[in-house]
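So the structure is just underneath, and the comments pick up after that.
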Amino acid sequence: MGYRSWVAVVLVVCLACRGRHESAGDVTRTPVPAAVVGARATRQDVPLAHRPPEAERTKQILFGDLHVHTTFSADAFIRSLPLLQGEGAHPPADACDFARFCSDLDFWSITDHAESISPEHWRETKESVRQCNAVAGDPKNPDLVTYLGFEWTQVGVTPADHYGHKNVIFRETAEDRVPKRPISALDERLIGALRRRPPLWDRLRFPLLDFPNRQRYYDFGRFQDELDAVPLCPAGVDTRQLPEDCNETAHTPRELFEKLAQWGFETIVIPHGNTWGLYTPPGSSWDKQLVGPQHDPDRQKLIEVYSGHGNSEEYRDWRDVTWGPDGEPVCPPPTPTYLPCCWQAGELVRAKCGDVTPAECERRVAAARINFLKAGAAGRMTLPGGDVEDWKDCGQCRDCFLPAFNYRPQSSVQYAMAISNFEDPTHPRRFHFGFIASSDNHSARPGTGYKEFARRVMTEAAGPRDEKWRDRTLGPPKERAAESVPYDPATQEAGITTLQVLDFERAASFFLTGGLVGVHATGRDRDAIWDALQHREVYGTSGDRILLWFDLLGPDGTLPMGSETTLAIAPVLRVRAVGAFKQKPGCPESSVQALGRDRLQHLCRSECYNPADERKRITRIEVVRIRPQIQPGEPVAGLIEDPWRRLECRPDATGCEVSVEDDDFVEGGRDTLYYARAIEEPSPAVNAAGLRCSWGPNGECSEVHPCYGDYRTPYEEDCLAKTEERAWSSPIYISARRPGPGQ
């Protein structure tokens, strides 16, 4: 084709490239039948020896998902593109229908990324949430409660400026009870990555190369234009006085909490994904978030232990980076359970030394390790090329349950529970979180963990659809260089995309179907659920609807999970758990009648939450004990006893009940928190084997077999492996009663 012909084609494409606004869609107006809703409570009310006695049965367990994205989020929109094998638009209305008819939830919250919510999309989000609630029937006994929220998505370049992601959930939905704007963490780097339109040729080449699917690319261009047109709000102005159609930013948790306080609405802030090393710089920790106003205990009451991005619960004493006396990063050597990626970077360079002198080879190895660490989460950019498999299982927690990718142990939940801030030595400051889990789904699918299937639909695993598209998005494959090169993530080069910088290829092996929030609520309505969240009478599951109770038995009565109290006697803790129902194939007839088979196929691949009569068996209960720091610098590892007690359960499909007493509490005289894990019999789960290592004679990962997000793993391959699904209770916090004067 000649030059003029190409020009003509480009002009025709350009004239036709009118993108459509990504609308919120229409919520299905059919409610769930009352009998189906009633059956949810009935399923808990089985004749179990281990159920709570009648005096305690004033509450019911409800299940929900407080972390859900639609294609109003920029990363979700990108994931929906045809080049990444995406399905196209999945707007807020899809999430409502999915929660109601596919996953059969009791409640959920929308939490699209504030950084990519335009003013129009925020207005549409609020209206869609109201529509979803309007279908729910009697507000005192709704089939589904929908909360409004957004995600504050902060990403720092270094451990000192990285705070991570937090979901902000609002109790109410009326226009005068919610903010006019979400609050984002936009900075210049994110503005460039999310909002600015690429050059004209880059805007045209994907529609040209994928012409049958061109409209979706045009729509993404419209999405970017709408974001780019929104100015940043003026700084230093009370949030209530700002214009409605500007982008409000907060760069630290302190600023976020200040702005939420200015609005004055009831909110819960939920940090999540803190151990996920795809974007979290090595060396990141919770310590700086316990300083002064960086933590608001009245709002930041819950933490996400588990999601579709993996488990963030467990602390490990190895490090991804250490620091020298001059503050320079140091690459730690491997341990039997951990291979630092900085170390593996050095080994990859060592393999390329060839005929150079041993001294020169060691210089290159040392430089590779330091370059990797200085690049933070973008370490792979210092040593591009080669194969994903070359990195083996570096960065991964080998002995954690379904761990988050590139695990950051000092950002784990257990680490947060063990540290103290001693700015006021007489009253150490600590986190008192309740534990939840959710999905972090990016295709408008709340509660995806009800069945282990459809990896490319029910998890975030995505990638180029063939080799040509891989080369177009990531660049053609090339041999790894003999030496590493420095890379500064703060000054990302023009033309370099996030897909190229971050390690999405290996991360695809760690995406899971997601977890759930369980609440002990006095009713099904919005206020009852909110009160349970506020009181931390909540727990998380890895997706299965395990029933879990965790109580402190005391002389003055029973206190549930999430409670705080003071004791001068040995605490007695009781755990009761019942396994989740096994699932039947297909969908209930009520879902088929409400949506029709075509829409069910589109939303949930014709597989819904569809419980059988048989339950999975609880095999054991584990109780974790953490005694937080009582002096600065106290080593954390010895404060976390995991498990403190491991209690086997008899083979009994009706559940398990155990009790434990801490005889050391009084003599130890330390404030202590306890939480329980209920663990089910093994069952298959998507991506449960991670990188699928072949193990060497010394326990090392000698070879990996990734589950790719792209064409290299067949689209229908679910990468199933056996795992032990589980539930995590919120902690019970017990202060030791100190003797008073004269005692």
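Going through (1) 41.2; (2) 30.0; (3) 35.2, the figure that equals mean projected area of the Cα convex hull in nm² as computed for the structure here is (3). Across segment 637-710, C-alpha contacts under 8 Å between residues 6 or more apart give a mean separation that, scaled by the residue count, equals a relative contact order of 15 percent.
Comparing Cα centroids, segment 457-485 and segment 363-434 end up 24 angstrom apart.
If only the Cβ of Lys and Arg carry +1 and only the Cβ of Asp and Glu carry -1, the dipole of the chain around its Cα centre is close to 1060 debye.
Select from Trp318, Val330, Ala367 the residue farthest towards the positive end of the dipole of segment 309-414; place +1 on Cβ of Lys and Arg, -1 on Cβ of Asp and Glu, and compute about the Cα centre. Most positive-ward Cα: Ala367.
When a/c is below 1.5 the answer is rounded, else prolate if a/b is larger than b/c, else oblate, so apply that to segment 412-566 with a ≥ b ≥ c taken from the square roots of the Cα gyration tensor eigenvalues. It comes out oblate by the Cα gyration axes.
With r as the distance between the Cβ atoms of Ala39 and Leu553 and R0 = 30 Å, compute the FRET efficiency 1/(1 + (r/R0)^6) and round to 0.05.
0.40
Ordering Ser509, Gly562, Gly463 by the projection of their Cα atoms onto the charge dipole of the chain, which places +1 on the Cβ of Lys and Arg and -1 on the Cβ of Asp and Glu, puts Gly463 at the extreme positive end.
Annotation: for a label point projected 7 angstrom from Cα along Cα→Cβ of Ala229, residues of segment 66-101 with backbone N closer than 19 Å are 72-74. In this structure, the residue pairs whose Cα-Cα separation is over 22 Å, taken from Lys59/Lys722; Lys352/Lys468; Lys352/Lys392, are Lys59/Lys722; Lys352/Lys468. The charge dipole of segment 602-743, taken about its Cα centre with unit charges on the Cβ of Lys, Arg, Asp and Glu (plus for the first two, minus for the last two), comes to roughly 320 debye.
Taking other Cβ atoms within 10 Å as a rough exposure proxy, Phe510, Phe453 sort from fewest to most as Phe453, Phe510. Would you mind calculating the relative contact order of segment 561-688 from Cα pairs under 8 angstrom and at least 6 residues apart, reporting the percent as a whole number? Over segment 561-688, the number comes to 35 percent.
The value of relative contact order for segment 407-547, using C-alpha pairs under 8 Å at least six residues apart, is 31 percent. Straight-line cross-link partners of Lys259 among the lysines, defined as a Cα under 23 Å from its Cα and at least 8 positions apart when in the same chain: Lys126, Lys166, Lys180, Lys288, Lys301.
For the pair Glu564 and Ser694, a Förster radius of 45 Å applied to the C-beta separation gives a FRET efficiency near 0.45, rounded to the nearest 0.05. Between the C-alpha center of segment 73-123 and that of segment 574-622 there is a gap of 22 Å.
Report the FRET efficiency, 1/(1 + (r/R0)^6), for Arg350 and Trp323, where r is their Cβ-Cβ distance and R0 is 35 Å, rounded to 0.05. Given R0 = 35 Å and the Cβ-Cβ separation, E is 0.90.
Coordinate-derived values only; no laboratory data. All figures in this text were calculated on a predicted structure; none of them were measured in a lab. Quick reminder, even Gly has a Cβ in these numbers, built from the backbone with ideal geometry, and neighbours come from all protein chains shown.
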